[in-house]
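To start, the structure itself, in structure tokens.
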Amino acid sequence: MYYVYILKDDNSSIYIGYTNNIERRFSEHQSGKCFTTRKLNNPQVYYIEGYTNEEDARTRERKLKQFGSSYVGLMKRIGLK
């Protein structure tokens, strides 16, 4: 199983990523092992989508990181924008 996830910190900064092990990846984010989220203040998993194949998860992550209509639609639906 593969997951696309959104982290949100205390300052409302967000990070979008994908993984096949959400617990391990979240632990890496919390401990500062991930360079891109090292500066987030207390990151928490805010949203998760599950996919059965890696290509679907990677495609969804890319679409969200383009900050287009997929991103805007999701942010509205989960209440972040």
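Quick note: the coordinates plus some simple rules give every number you see, no bench work behind them. Keep in mind the model is a prediction, meaning the values are calculated, not measured. Note that each Cβ is placed from the backbone with ideal geometry, even for glycine, and that neighbours are counted across all protein chains shown.
Quick look at the numbers
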| quantity | calculated |
| --- | --- |
| Test result for THR19, in contact with a His (Cβ under 8 Å, 6 or more places away or on another chain) and hydroxyl-bearing (Ser, Thr, Tyr) | no |
| Residues of the stretch 42-81 satisfying the condition of being touching a residue at least 24 places away in the same chain (Cβ under 8 Å) and among the acidic types (Asp, Glu) | GLU49, GLU54, ASP56, GLU61 |
